[in-house]
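One structure is given here, and the rest of the page talks about it.
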Amino acid sequence: MSYAYLFKYIIIGDTGVGKSCLLLQFTDKRFQPVHDLTIGVEFGARMITIDGKQIKLQIWDTAGQEAFRSITRSYYRGAAGALLVYDITRRETFNHLTTWLEDARQHSNSNMVIMLIGNKSDLESRREVKKEEGEAFAHEHGLIFMETSAKTAANVEEAFINTAKEIYEKIQEGVFDINNEANGIKVGPQHSPTNPSLSPNGQDRGQGGGCC
Amino acid sequence: MGGRCSSPTLSIASSTTSGGFKKSPHQGGCMRDNLASPPHHAHHYSGDAGPSGCQSQAGPSGMQLKRSSSRPCNVPGCTQCGPCARQRPQEHTMVYREDTLVSGALEALIRHAIPTPDYFPEDAYLFAFLLCSRLFAPLNDVLVRVIRAMDRCKDERRSSMLARNVLRFLREWTDNFAYDFREESMMALCIDITQRLVELLPACRREVSELQTDLLAKLTAVETYEEFLNRCGSVRYVESVEELTATDVMDMVRTPTKLAHQLTHVELERLSHIGAEEFVLAFMKERGVSTTGDDGSGAPLKKTRSKEAYEDWFTRLSYLVATEICKHPKKKQRLRVLDFWVQTARECYNIGNFNSLMAINAGLSLAPVARLKKTWSKVHCVKCFTVLQNLMSMSDNYKSYRTTLAAAVKRSKQQNVAAQVPGAHQPPEASNDYIVVPFFYLLVKDLHFLNVGCADRLPNGHVNFEKFWQLAKQVTEFIAWKQAVCPFPKNTDVIMYLQTSPLLTDNALALASFECEAPDNGPEKEHYKSLKK
């Protein structure tokens, strides 16, 4: 499918805060009886529209793979946006945010847009972290903030889309170098007048077998 | 580490070594091909039959099942939904779609797995059931029910028929999920069953003893491996280059090919100890379900950690690569090491060792290494690295890696067929082609999404068995991979170095990297300053 831009996201946060559920909710894959993960099935990706332009979000979720630290860190570098998630019903997940943020900042490109997400807003009765605390943390560290519920889908779309809007604005302002793929942004095949050398098939180069 | 749970088996094994009977053809390794085929026996005969008046001889009904048929279990003597009474039909229902079991009530699924004198579950079903049922019910219960069925069977002829089937059942279990018997209560039940088997069917003495010997060997092997892991200790991270050893791995092996061979040894050794059930136990841990012993004794379950150890190895290899590169302040030497690792990655690709390849790739992509632009500009094989790195691309759900893996698997199968042709001579070096070491991370990731994305139970309370077929399929594939034997000569020193040499921490790596090539932008300068404090 044709797109104007591709943005790469990464979802981080403690185990059990609902990272995968956010992703599955957003990509409409939740509650399918069985997922088919065969070759070529797009997974963790979705098209959105901003300013009349088709934008593909490719989302990389770290849940269930916390042990693969080196992989997580090498993907940080190629991400344009990060969703930093905590669970509003578990204080400790909020307390760990500083560590996550340091980790993300140390291993990513400095322009990465980070959105702070307080998930499980449907569990109001068990809330341990006030909304104001999330807002204050976000304000202090220059992040955008939102409370979501992956269960009821509240604010899930908005979280992913607002992050994309912020990235899009940064592109318009010229902050992001869109020709450097390491920034987590790719210009779509038909949308690269500034750089005709960008190969539309670049991503498939690896299949060819032997190298050198 | 606790006491050895294996000792009681030893005494049993030694007391049952007499007797001269042939081993029954159990089908431990044939799950693969059967997975796609539907279970043929939808109906079965339960050992814990009710009133004898209900034990009608309902033969295995045929396969003429309608699409999406939902039927009672037809267990003879079943008072719940049999012809005698239909009070709670839900409890015994199994649902089929196009002859494949798609869901069922837990009770029906358990009954479908337990053998009777004239029923034995399909291999593929039994494998999927044993792999996943632990999510719903304690494993002990299944064995207790087997024992109860044996006790209830009074007819001598049927008792020995049942004993045959129970032996086969236990064989499948111990072959495929040996680590379940690390838990003492499970081992006690296993011993209980084997004793009954020998009483009911003295002729099976030898097979029982073989089963025990094999199980014991597996449990001893994993304990030896865990002792080795303990000796290796947890990964030693150091804060400065000075604390590292002076050697590089390339001082120990002369060529990238040889290093790739030693890496493959480490991979296959570590892979071989992972138990299929460890994946499912990891799900339980993620959900916060206690995986400790629930047998009332309060004894903690002996937790196998081969999967974790293998994941740690991946991280370790990545950081080893980064450490070995960043520790050299002199560009010329750094370049030599970098080139060596890129070529090693290529050799891993050629062998089919995708896990090491990806770990090296990840190490080379870590910020402290990736930012060394001046060093990279001089690398001989930079194109090669780009190709290898594209394998890691997550585009289209890791399409390029999956395609490459599928090709490697196909190639290795063809080679295996060729090797079985009588008279076909295989030169030793050609056997390289048999190996496939998968990129473990992706397997873990796929299983994770299978787990969180699909419900365990349907809204009607039925177990969503489709999910578990899929799980079993992936795990079965994994089992085939882990059985590969590494054909290369072993260099113990290198293997130890790879697994025990100290590594730099993230901060130490970043600092070393800035000292190799000075920071060239604002954020890097700030980062450098903060590290030097």
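Quick notes
- Loop-resident trypsin sites (Lys or Arg not before Pro) (DSSP state other than H, G, I, E or B) in the range B:450-503 with no more than 16 further Cβ atoms inside 10 Å of their Cβ: B:Lys490.
- Using the Karplus relation 6.51 cos²θ - 1.76 cosθ + 1.60 with θ = phi - 60°, the per-residue 3J(HN,Hα) values for the range B:198-211 come to 5, 5, 6, 9, x, 4, 8, 3, 5, 5, 4, 5, 4, 4 Hz, with x marking Gly and Pro.
- Sequence-distant residues sharing a close amide H with B:Val437 (under 5 Å, placed H): B:Asn353, B:Phe354, B:Asn355
- Ellipsoid semi-axes for the range A:5-187, based on the Cα gyration tensor and the rule √(5λ), read 24, 20, 16 Å when sorted largest first.
- Cross-link partners for A:Lys186 among the lysines, with Cα-Cα distance under 18 Å and sequence neighbours closer than 8 places in the same chain left out: A:Lys8, A:Lys53, A:Lys56, A:Lys165, A:Lys170, B:Lys399.
- Proportion of all alpha-carbon pairs of the range B:98-222 beyond 17 Å (%): 56 percent
- Going from the residue with the fewest nearby Cβ atoms within 10 Å to the one with the most, B:Trp481, B:Trp376 rank B:Trp376, B:Trp481.
- Cβ-based net charge around B:Arg334, under 10 Å, with every Lys or Arg adding one and every Asp or Glu removing one: +4
- Fewest-first ordering of B:Glu269, B:Glu242 by other beta carbons within 10 Å of each residue's beta carbon gives B:Glu242, B:Glu269.
- In sequence order, calculated HN-Hα J values of the range B:475-488 (Karplus, 6.51, -1.76, 1.60; Hz; x Gly/Pro): 5, 4, 4, 4, 4, 5, 5, 6, 8, 4, 9, 7, x, 8
- Annotation note: trypsin sites (Lys or Arg not before Pro) in the range B:192-277 located in DSSP loop regions with a Cβ neighbour count of at most 13 within 10 Å are B:Arg236, B:Arg254.
- Local electrostatic count at B:Lys533 - Lys and Arg +1, Asp and Glu -1, tallied over other residues with Cβ under 14 Å: +1
- For the residue pairs B:Lys374/B:Lys490; B:Lys332/B:Lys532; B:Lys154/B:Lys303; B:Lys285/B:Lys473; B:Lys378/B:Lys525; B:Lys285/B:Lys413, alpha carbon separations beyond 28 Å are given by B:Lys374/B:Lys490; B:Lys154/B:Lys303; B:Lys285/B:Lys413.
- Peptide B:397-407 is shielded by partner chain Cβ atoms: per residue, an average of 5 of them sit within 10 Å of its Cβ.
- Neighbour-count order for B:Ile495, A:Ile71, B:Ile325, fewest beta carbons within 10 angstrom listed first: B:Ile495, A:Ile71, B:Ile325
- Partner shielding of A:73-80 amounts to 5, given as the average count of beta-carbon atoms from other chains within 10 Å of each residue beta-carbon.
- Net +/- balance of residues flanking B:Leu229 in space, Cβ distance below 10 Å, scoring K and R +1, D and E -1: -1
- Stokes-Einstein D for the range B:171-272, Kirkwood Rh over Cα pairs, 20 °C, 1.002 mPa s (µm²/s): 122 µm²/s
- Sites listed here are trypsin sites (Lys or Arg not before Pro) in the range B:324-359 whose DSSP assignment is loop and whose Cβ has at most 13 other Cβ atoms within 10 Å: B:Lys330.
- Take each residue of peptide B:381-389, count the partner chain Cβ atoms within 10 Å of its Cβ, and average: the result is 3.
- Check: the range A:5-187 dipole with +1 on Lys, Arg Cβ and -1 on Asp, Glu Cβ, in debye: 360 debye
The numbers here are math on the coordinates, done by the rules we state, and not lab data. For clarity, every value in this text was computed on a predicted model and none was experimentally measured. Here Cβ is always computed from backbone atoms with ideal geometry, including for glycine, and neighbour counts include all displayed protein chains.
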